[in-house]
Amino acid sequence: MKLWKNFLLSAFAVGAAALAATSFAAGISGTPHDFSGGSYGNTTGQICVPCHVPHGAAANSAPTNNVMWNHAINGTKSYVLYSGSAKLDNTSRLCLSCHDGVFGVDNWGGTYAVSTNNHTVANYAVIGVNNNDLSHEHPIGAVYRGLSATTGVFSSTSMRDPTVATGFQGGFGPTGYTLPLALGYTGSVPDAFAVYVGCNTCHNPHDNSKSAFLRGINDKSYLCLTCHIK
């Protein structure tokens, strides 16, 4: 009986993992993040491989937040950030490995290396100016306003408490935060209390059902008002 129970639990775990992978793939299929049709040097027919790989992740991919990154990335590149921003979070750096317009979508590292760098993203999808100036974009790399980077205590009359605010769909931040904020790192060590606004706060790269890969519908600025009190 115990063996049968263990078998069922194992089968359930495998099935759940497969379902999760299928769900992600289904969310990307047919969207601007679907490169499985032979474009951008992808002859594998796989949706995930331009960004992720199960084995042999790109050697130049650190720091990658343990997502088995397969795309070329400049882990030390400096960006001009919005005034008051402190440091670029690791997840946003992954997004910018395509969206700063320098590395081509077809510039993969790791197991399925293509690295032709012939196809950068379209101009409308390039974030920032001159490949590194993000000072005119919504702040990324900024500690969530009102949240102390040294104590974790929140105090603000213009921002919603990130430990109780709701409204974003499909993502949660570090333990204790209901908004999908990003951990800051000093080297490979996560900062104790500093949690940052990043690309991943407003966007979910695996779900385009709200358009522009947004985490929520922004009708009447609903998405903005998830964080901002106006």
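Just so you know, all these numbers are worked out from the coordinates, no wet-lab data involved. On a predicted model such as this, the values are computed, not experimentally measured, just so you know. Note that each Cβ is placed from the backbone with ideal geometry, even for glycine, and that neighbours are counted across all protein chains shown.
Observations
- Placed amide H near V195: partners under 5 Å, 5+ positions off or other chain: Y144
- ³J(HN,Hα) computed for each position of the stretch 69-83 - Karplus, 6.51 cos²θ - 1.76 cosθ + 1.60, integer Hz, glycine/proline x: 6, 10, 10, 4, 8, 9, x, 10, 4, 9, 10, 7, 9, 4, 3
- Amide hydrogen neighbours beyond the local backbone of I140, cut-off 5 Å, H modeled: Y82
- Nonlocal amide H pairs with D133, under 5 Å, H built at 1.01 Å: V80
- Here the residues Y144, Y79, Y196, ranked from fewest to most Cβ neighbours within 10 Å of their Cβ, fall in the order Y79, Y144, Y196.
- T43, T157, T120 arranged by Cβ crowding within 10 Å, fewest neighbours leading: T157, T43, T120
- Ordering R145, R215 by the number of other Cβ atoms within 10 Å of each residue's own Cβ, fewest first, gives R145, R215.
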